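Everything below concerns the one structure shown next.
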Amino acid sequence: MTVGHGKPRKILAVADTGATQIAVESALTLAERHDASLEVIACVEPPNDLSILSRLSGEDPDRLIEQAVEQTRKEVGARLAEIAPDRPVDVSVSVGKAYLEIIRHVVASGCDFVVKKAEPLSGIDRFLFASTDQHLLRKCPCPVWLQTPTAPRRPRRVLAAVDLDTADADEPETLAALNTRVVDAACTIAVAQDAEVTVLHAWDAPGEGMVWAFSSGSNARLSSDRYVNEVLGIRHRAMDRFLAQLRVAGTPRPRLVPRLVRGAPETVIREQSRAIGADVVVMGTVARTGLSGVFIGNTAENIINSLECPILAVKPEGFVSPLLSG
């Protein structure tokens, strides 16, 4: 299963029983902006020691789970009534591993966008996209927006990380399409009145050392500079073509600001997100081999886990969740 890019039609917000509901509030803002429908899911994960709890409480295990479901539905419903008193929203409460239940709901209901609060690291004042979050980033077939409690509900500064080096990709058309999906998703959530999307490409000139090694004397510096400038010129032209294609599409967008920065994506994306004060970083994730862009496997996860702001992860066209391919 794959979900097309563009405006979301049906948004799934993952609620919890906490005092703040950043996911629901952000999803509600997004739904109102794009005239999309909104669904809310809350998940109850049975504890590993349920049998012990059952024995000590004298309650049947199934009854304990039923009570947890009822309590969750009540608490989430009360928070929804406060957040959106004029917009009744049904809450689905599922029992099981959260990421499995979320993905199953996405598939069953046709949701094409998920908003969830990022999971905090215990004892550390930052957020790590781990456990349930990592499973969703790898396996959910639609875009996943992981919000943090202090992040703005209406993002204004959105960073869209793209890989324009399609010539080096095993599947250049797939990578090019993913770049477009990343920017489309960034524009989708940039709902503040003065929002802008920074389109970032991390580039490098890997042959510079070889130019130095095989150039003689005083020509080495000149040859090296020429080589680096040629590579940079190629990337500038690629960015120009990419933005021109987006404008031809005719879809109204926030202001797009191109930015090319030399360096490894892991470093560039982290540093640039800080430099511009990004409210959200949007990037492609690929949970399969065969696409040799920069956002693959451990590289993507290293970037995501190094960020200090919310992340919106987008899959390539044709992506099939491994949970559905069996």
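Worth pointing out:
- Filter result for residue 294 (at pLDDT below 80 and either surrounded by fewer than 24 Cβ atoms within 10 Å (Cβ to Cβ) or in contact with a strand residue (DSSP E or B) (Cβ under 8 Å, 6 or more places away or on another chain) (or both)): yes
- Hits in region 19-37 - residues which are at pLDDT 85 or above, surrounded by fewer than 22 Cβ atoms within 10 Å (Cβ to Cβ) and not in a helix (DSSP H, G or I): 35, 36, 37
- Candidate set from region 276-291 (those that are at pLDDT 65 or above and in a loop (DSSP other than H, G, I, E, B)); member that is surrounded by the fewest Cβ atoms within 10 Å (Cβ to Cβ): 277
- Of the residues making up region 17-49, those that are of a type in the set (Asp, Glu) and within 19 Å of residue 110 (Cα to Cα) are 32, 35, 39.
- Filtered by the rule that a residue be touching a helix residue (DSSP H, G or I) at 6+ places or on another chain (Cβ under 9 Å) and without any contact (Cβ under 8 Å) to a residue 12 or more places away in the chain, region 77-112 gives a lone residue, 88.
- Residue match in region 62-80 (condition: outside any helix (DSSP H, G or I) and either modelled with pLDDT of 90 or more or farther than 23 Å from residue 131 by Cβ (or both)): no
- Of the residues 89, 114, the single one that is modelled with pLDDT of 85 or more and not in a helix (DSSP H, G or I) is 114.
- Among the residues of region 161-178, those identified as more than 14 Å from residue 234 (Cβ to Cβ), in contact with a Leu (Cβ under 7 Å, 6 or more places away or on another chain) and of a type outside the set (Val, Ile, Thr) are 161, 169, 170, 171, 175.
- Every listed requirement among (1) touching a Lys or Arg at 6+ places or on another chain (Cβ under 8 Å); (2) of a type in the set (Ser, Thr, Tyr); (3) surrounded by fewer than 18 Cβ atoms within 10 Å (Cβ to Cβ) is met by residue 92 save one, (1).
The values are calculated or read from the model by the stated rules, or taken from the named source; none is laboratory data. What you are looking at is a predicted structure, and each value in this text was computed from that prediction instead of being measured. No Cβ is skipped: glycine too gets one built from the backbone with ideal geometry, and neighbour counts run over all protein chains shown.
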